[in-house]
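In what follows, a structure is listed as structure tokens, so that the remarks can point back to it.
Each reported figure results from applying straightforward, stated rules to the coordinates on display, with no laboratory input. Fair warning: this is a prediction, and the values are worked out from it, not measured in the lab. Counting neighbours? That spans all protein chains shown, and the Cβs are built from the backbone with ideal geometry, glycine included.
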Amino acid sequence: MKPVAQAPSPQDAAARKAVKPVICYPTDTLPLPDMAMITAARHPLEMSEKIIVPPRDARTFTVPAGHFFRIVSVEGPQVGDLNLWARQDLSEKFYSGKTRALHGTHLGVGDRLWSGFPCLRPMATISYDTLDWYGFDDYGGGVHDVIGTRCDPYTGRLLGGADYHHCCHSNLTRALAAETGLPLLAAEMHIHDVLNVFMCTGFTKDTHQYFMKASPVRPGDFLEFFAEIDLLGALSTCPGGDCSTEHSSDTAACYPLEIQIFAPEPETLAGWSSPQPSSYSRKHGL
């Protein structure tokens, strides 16, 4: 949020502000997923596992490369915070900032969740979204954002609140520690910025502040992904429920979310293989 201007405007202020923007990362040469293959592989799918994530908590799950997973609303409107890692290497994790730079503030079908440096490769591709009808509303809000970081006890303390241990950061930390056997504080270092599944967010038009509003998700809605590599995931059910009022709350109505893992028919993926890590030499000019 910009403060009230203190510096005087230069004579050419209007001309400077009228300069047309340039897209930072043109995606004309970005490697695209084979959506025809992915769409064909969705029919039929056989569910291999189902995991319930209780309200104000988190659970981990694994997905083999070439399989699908869904995050499903099952009882009421509920937002989820998603972390992803390479199954055998926690240092390769979802990079929300680069994903945002490549695909925009909110993700949809055909967009990919990219891992961080030095791998920078697709971890998963969004293959279906029952909320794709929402688009952007009159406030500029949309669903499935890569803007917000995750609710956490550190920001709560910074803003003068009491410690709250069932925020998404803490939920994800507990879940990863339980999955890996890592000490709690070691597991916390692997928790990263999230995909806010089902969350409806944007920026206000006057102050350009990050906002949230009641999620349009309803029971039966789901967001589906195609796993590009072997994945370890963690999903937190946000303590704000549908995030219509606040996101760290013991009073908001909260509901479970369901994670469903699906195996496609092997022949539908004939010729497909997981993407390789970035081919950059990592010499960095030396």
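A few notes on this one:
- Ellipsoid fit via the Cα gyration tensor, the chain: semi-axes of 30, 26, 20 Å, each the root of five times an eigenvalue, largest first.
- Of Lys17/Lys213; Lys17/Lys98; Lys17/Lys205; Lys20/Lys93, pairs whose Cα-Cα distance is over 23 Å: Lys17/Lys213; Lys17/Lys98; Lys20/Lys93
- Simple label model, 7 Å out from Cα along Cβ direction - Met47 to Arg218, nm: 2.1 nm
- Debye intensity ratio in log₁₀ form over the Cα atoms of the stretch 5-62, taken at each q of 0.23, 0.30 Å⁻¹: -1.02, -1.20
- Prolate/oblate/rounded label for the stretch 103-249 (Cα gyration tensor, a/c 1.5): oblate
- Label-point gap, in nm, between Met1 and His208 - each point 7 angstrom along Cα→Cβ: 1.4 nm
- Across every pair of non-identical alpha carbons in the stretch 184-286, the mean reciprocal distance, once inverted, gives a Kirkwood radius of 18.0 Å.
- Sequence ranges 222-229, 112-119, 12-19, ranked by mean other-Cβ count within 10 angstrom, highest first: 222-229, 112-119, 12-19
- The per residue volume of the convex hull around the alpha-carbon atoms of the stretch 1-145 is 214 Å³.
- Taking 37 °C and 0.692 mPa s as conditions, the stretch 65-184 diffuses translationally at an estimated 200 µm²/s according to Stokes-Einstein applied to its Kirkwood radius (Cα pairs).
- As a proxy for reagent exposure, Leu32, Leu82, Leu232, Leu45 were ordered by neighbouring Cβ count within 10 angstrom, fewest first; the result is Leu32, Leu45, Leu232, Leu82.
- Sites Trp272 and Thr130 - FRET efficiency at Förster radius 22 Å, r taken between beta-carbons, to 0.05: 0.30
- Springs between Cα atoms under 10 Å define the GNM used for the chain, and in it the highest mean-square fluctuation of Arg56, Arg121, Arg42 occurs at Arg42.
- With coordinates expressed along the principal axes, the C-alpha atoms belonging to the stretch 156-201 extend over 32, 27, 15 Å, beginning with the largest.
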